[in-house]
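Structure first, commentary second.
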Amino acid sequence: MKKKLAEIRKKIDDIDNNILKLIAERNSLAKDVAEIKNQLGIPIDDPDREKYIYDRIRKLCKEHNVDENVGIKIFQILIEHNKALQKKYLEETQNKNKIFKQ
Ligand SMILES: C=C(O[C@@H]1C=C(C(=O)O)C=C[C@H]1O)C(=O)O
């Protein structure tokens, strides 16, 4: 029984590794998105795109039998974090440019 529990926990740990890698990969795209939005002069927040993502997540939750509230909560955290990373990146770039121009 204990061996079986250890095996299952190993599987969970492996899945957690993969989830973390994917979160890091998603986060790593924030700089590129921020750079393009800055050049286009458009805001970081894009409510239409967020609505599209949440609708898609709801559909995927149904398909994969995942509780919709859980799926939405996870993506709210990821999206808010992505926007915070974009803002931080742009602030840092603008500060660097200010120092450079002095
Ligand atoms: C990444 C973007 O910027 C913001 C963050 C989003 C996200 O984390 O998926 C979605 C929309 C935007 O509010 C984007 O516009 O694609």
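The values are calculated or read from the model by the stated rules, or taken from the named source; none is laboratory data. These numbers come from a predicted model, not from an experiment. Cβ atoms come from the backbone with ideal geometry, glycine included; neighbour counts cover every protein chain shown. Areas reflect the complete protein model, heavy atoms only, side chains present, ligands, DNA and RNA absent. Shrake-Rupley method; radii C 1.70, N 1.55, O 1.52, S 1.80 Å.
How about the stretch 38-48: which of its residues are touching a residue at least 24 places away in the same chain (Cβ under 8 Å) and more than 9 Å from the ligand (Cβ to nearest atom)?
Taking the stretch 38-48 and keeping what is touching a residue at least 24 places away in the same chain (Cβ under 8 Å), we get 38, 44-45.
Of everything in the stretch 38-48, just one residue is touching a residue at least 24 places away in the same chain (Cβ under 8 Å) and more than 9 Å from the ligand (Cβ to nearest atom), namely N38.
Say whether the condition of being within 15 Å of L90 (Cα to Cα), open to solvent by 60 Å² or more (accessible area, probe 1.4 Å) and more than 9 Å from the ligand (Cβ to nearest atom) is met by at least one residue in the stretch 49-72.
No, because not a single residue in the stretch 49-72 is within 15 Å of L90 (Cα to Cα), open to solvent by 60 Å² or more (accessible area, probe 1.4 Å) and more than 9 Å from the ligand (Cβ to nearest atom).
Taking I77 and the conditions (1) within 14 Å of the chain's Cα centre (by Cα); (2) of a type in the set (A, V, I, L, M, F, W, C); (3) surrounded by 15 or more Cβ atoms within 10 Å (Cβ to Cβ), which numbered condition does it fall short on, given that it satisfies the others?
Evaluating I77 over (1) within 14 Å of the chain's Cα centre (by Cα); (2) of a type in the set (A, V, I, L, M, F, W, C); (3) surrounded by 15 or more Cβ atoms within 10 Å (Cβ to Cβ) leaves (3) as the failure.
Specify the residue that is most open to solvent (accessible area, probe 1.4 Å); the eligible residues are those in the stretch 15-37 that are more than 12 Å from the ligand (Cβ to nearest atom) and either within 19 Å of T93 (Cβ to Cβ) or charged (D, E, K, R) (or both).
Residues of the stretch 15-37 more than 12 Å from the ligand (Cβ to nearest atom): 15-22, 24-25.
This time we only want the ones that are either within 19 Å of T93 (Cβ to Cβ) or charged (D, E, K, R) (or both), so: 16, 21, 25.
Values: D16: 72, K21: 137, E25: 115 Å².
The residue in question is K21.
Which of the residues that make up the stretch 81-92 are within 16 Å of the ligand (Cβ to nearest atom) and either over 25 Å from S28 (Cβ atoms) or open to solvent by less than 100 Å² (accessible area, probe 1.4 Å) (or both)?
If the condition is that a residue be within 16 Å of the ligand (Cβ to nearest atom) and either over 25 Å from S28 (Cβ atoms) or open to solvent by less than 100 Å² (accessible area, probe 1.4 Å) (or both), then H81, N82, K83, A84, L85, Q86, K87, Y89, L90 are the ones that fit.
Any residue in the stretch 9-25 that is under 18 Å from L78 (Cα atoms) and touching a residue at least 40 places away in the same chain (Cβ under 8 Å) sitting within a Cβ distance under 8 Å of a residue that is of a type outside the set (K, R) and open to solvent by less than 100 Å² (accessible area, probe 1.4 Å)? List the pairs, counting only those 6 or more apart or interchain.
Every condition considered, the pairs that remain are I23/L78.
Given the criterion of a type outside the set (K, R), part of a helix (DSSP H, G or I) and modelled with pLDDT under 95, identify the matching residue among Q94, Q76.
Sole residue among the options that is of a type outside the set (K, R), part of a helix (DSSP H, G or I) and modelled with pLDDT under 95: Q94.
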